[in-house]
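Notes for the one structure printed next.
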Amino acid sequence: MLSHPAVDVAVYVHFPWCLQRCPYCDFATEAVAPRAIPHGPYAAAVTSELALRGRSLGDLRAATLFFGGGTPSLWEPSELGRVVRAVEALGAPDEVTVECNPTSLTEARASALRDHGVTRLSVGVQSLRDRHLRYLGRLHDAAGALRAVSLAVASGLRVSADLMYGLDAQPEEELVEDALALLDLGVEHLSCYALTVEPSTRFGELARKGRLPRATDDHVAGLYLALEGALSARGLEHYEVSNYALPGARARHNVAYWRGMAYLGLGAGAVGCVPEGASARRWRNLPDPAAYASALGDGALPPAEEERLDPPTRVREALLLGLRCADGTDLAGLRRATGLDPLEGRRDALARALERGNVARDGDVLRIPRARWLLADDITAGLF
Ligand code: SF4
């Protein structure tokens, strides 16, 4: 009898609660009082979903595991640990990351997470300036962020930090100082995102009324370049438009996602995507945690929105994600996965992009040179 090899998946677990909603955030999350979080029942629901999905998807191997949210550092570590152990039954992941907010990270919690199999913490610092943290509506101040990062590093876990830029009246030197201060504390990875204003958020509402002070596009570009110069000088690799790592410290879960690996999303509002022949099936669990848990309590997969990605859509998505990375898009791999020539229908556009130096081709690898990453979205759109 023929046996099929296990499919590698990047496993994502969504924890859908935060202590309060930040005014710029449009993630699937609800504000909750700590005592109202159903720690045990939610862990039971997630592990049930894992078992049911495993049965319907066949033989899977967990390549990486990422707890995102929401604020998964609010989850009782022993309950989060139950989920880690259930996922480990699909093969030990290379990396187990938990997103943390400075307000919910203590020394005891960091070591408990480590004891439950977590290997990496991603701390939502955003800024080391109190005025910027107030503008972003965050619950922590700069001193709290520094404390959280220090204790995360002291716990022996690998540590990444998130920074936001493009805030009102943000001098380049301050952003660079913040990033370097985090490296000095022992952070090995930085995710640096320009503030985007989503229409459905409080910031979106303020922007529509003309009451949200913001940096201009030129200022945002200057901040991006200042950060890139300073972090490259400190030996960090700028390996994706918004991500920097010391050698060997890339975020393996995110890299798996950008390379188009199948991903298994578990939890309320989580998204999963697995190949089915040359196409792929993507689903999104409904975001209401109560409806999610109640379906699983009845022994059924939770309600989900589903879409089928045909081969041309898979090619477009792979180009979108891959061209934001230093490694670029692997055209041969994409051809094998979809049965399509990824360049079909875009040869003229590609020739123009190559001629302008917006794109470089090295055999079967297509990439945008780092010096053009500020224009990555426009360049990719030109290839569609
Ligand atoms: S803590 Fe994070 S997930 Fe929660 S509302 Fe703020 S930005 Fe969104």
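The values are calculated or read from the model by the stated rules, or taken from the named source; none is laboratory data. These numbers come from a predicted model, not from an experiment. In this analysis, Cβ positions are derived from the backbone assuming ideal geometry, glycine residues included, and neighbour counts consider all displayed protein chains.
So which of R282, R336, R314, R324 is surrounded by fewer than 17 Cβ atoms within 10 Å (Cβ to Cβ) and either among the hydroxyl-bearing types (S, T, Y) or out of contact with any Phe, Trp or Tyr (no Cβ under 6 Å at 6 or more places or on another chain) (or both)?
On the way: R282 fails: surrounded by fewer than 17 Cβ atoms within 10 Å (Cβ to Cβ); R314 fails: surrounded by fewer than 17 Cβ atoms within 10 Å (Cβ to Cβ); R324 fails: surrounded by fewer than 17 Cβ atoms within 10 Å (Cβ to Cβ).
Unique residue meeting the criteria: R336.
Being assigned to a strand (DSSP E or B) and in contact with a Leu (Cβ under 9 Å, 6 or more places away or on another chain) is the filter here, so list the residues in the range 333-374 that pass it. Full working, then the answer.
Narrowing the range 333-374 to residues assigned to a strand (DSSP E or B): 360-362, 365-367.
Selection gives A360, R361, V365, L366, R367.
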Working only within the range 184-209, note down all residues that are farther than 22 Å from V220 by Cβ and assigned to a helix (DSSP H, G or I). D184
Could you look through the range 121-130, keep only residues that are in contact with a helix residue (DSSP H, G or I) (Cβ under 9 Å, 6 or more places away or on another chain) and under 22 Å from N254 (Cβ atoms), and pick out the one that is farthest from the ligand (Cβ to nearest atom)? L121
Among the residues that make up the range 58-67, is at least one of them in contact with a strand residue (DSSP E or B) (Cβ under 8 Å, 6 or more places away or on another chain) and within 16 Å of the ligand (Cβ to nearest atom)? yes
Is it fair to say L74 is aliphatic (A, V, I, L, M), within 13 Å of the ligand (Cβ to nearest atom), assigned by TED's automatic domain parsing to the domain that holds L151 and touching a strand residue (DSSP E or B) at 6+ places or on another chain (Cβ under 7 Å)? yes
Checking E95 against (1) out of contact with any strand residue (DSSP E or B) (no Cβ under 9 Å at 6 or more places or on another chain); (2) acidic (D, E); (3) in contact (Cβ under 8 Å) with a residue 40 or more places away in the chain, the condition it does not meet: (1)
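Among L146, L185, L151, L121, which is the only one that is of a type outside the set (S, T, Y), closer than 24 Å to G235 by Cα, touching a residue at least 12 places away in the same chain (Cβ under 8 Å) and in contact with a Cys (Cβ under 6 Å, 6 or more places away or on another chain)?
Numbers: L146 fails: in contact with a Cys (Cβ under 6 Å, 6 or more places away or on another chain); L185 fails: in contact with a Cys (Cβ under 6 Å, 6 or more places away or on another chain); L151 fails: in contact with a Cys (Cβ under 6 Å, 6 or more places away or on another chain).
Result of the check over L146, L185, L151, L121: L121.
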So, first residue over 23 Å from A280 (Cβ atoms) in the range 39-58, second residue of a type in the set (D, E, K, R), Cβ within less than 6 Å, six or more apart or across chains; the pairs are H39/E76; H39/E79; G40/E79; A43/E79; A43/R82
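Out of all the residues in the range 340-356, is one or more surrounded by 19 or more Cβ atoms within 10 Å (Cβ to Cβ) and touching a strand residue (DSSP E or B) at 6+ places or on another chain (Cβ under 7 Å)? Give the steps one after another, and end with the answer.
Kept after step one, since they are surrounded by 19 or more Cβ atoms within 10 Å (Cβ to Cβ), are these residues of the range 340-356: 342, 353.
The next check asks that each one be touching a strand residue (DSSP E or B) at 6+ places or on another chain (Cβ under 7 Å); those that pass are none.
No, that holds for no residue.
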Looking only at residues in the range 136-165 that are assigned to a strand (DSSP E or B) and within 16 Å of the ligand (Cβ to nearest atom), which one is surrounded by the fewest Cβ atoms within 10 Å (Cβ to Cβ)? D162
Residue in the range 1-32 that is nearest to Y193 (Cα to Cα), counting only those that are aliphatic (A, V, I, L, M) and at pLDDT below 95: A28
When the range 9-25 is checked residue by residue, the ones that are more than 8 Å from the ligand (Cβ to nearest atom) and within 13 Å of G204 (Cβ to Cβ) are P23
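May I ask you to verify whether L133 is within 20 Å of P23 (Cβ to Cβ), in a helix (DSSP H, G or I), within 13 Å of the ligand (Cβ to nearest atom) and not hydroxyl-bearing (S, T, Y)? Lay out the reasoning, then the answer.
Details: within 20 Å of P23 (Cβ to Cβ): yes; in a helix (DSSP H, G or I): yes; within 13 Å of the ligand (Cβ to nearest atom): yes; not hydroxyl-bearing (S, T, Y): yes.
It is true that L133 is within 20 Å of P23 (Cβ to Cβ), in a helix (DSSP H, G or I), within 13 Å of the ligand (Cβ to nearest atom) and not hydroxyl-bearing (S, T, Y).
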Quick check: anything in the range 173-196 within 22 Å of the chain's Cα centre (by Cα), within 14 Å of the ligand (Cβ to nearest atom) and among the acidic types (D, E)? no
Among the residues in the range 156-167, are any without any contact (Cβ under 8 Å) to a residue 40 or more places away in the chain and among the polar types (S, T, N, Q)? no
Residue in the range 82-95 that is within 16 Å of the ligand (Cβ to nearest atom) and hydrophobic (A, V, I, L, M, F, W, C) present: no
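State whether the residues of the range 224-241 include one that is over 15 Å from L190 (Cβ atoms), among the hydrophobic types (A, V, I, L, M, F, W, C) and over 16 Å from the mean Cα position of the chain (by Cα).
Here is the first cut: in the range 224-241, the residues over 15 Å from L190 (Cβ atoms) are 225.
Keeping just the survivors that are among the hydrophobic types (A, V, I, L, M, F, W, C) gives 225.
Filter once more, keeping what is over 16 Å from the mean Cα position of the chain (by Cα): 225.
Yes; the residues of the range 224-241 include at least one that is over 15 Å from L190 (Cβ atoms), among the hydrophobic types (A, V, I, L, M, F, W, C) and over 16 Å from the mean Cα position of the chain (by Cα).
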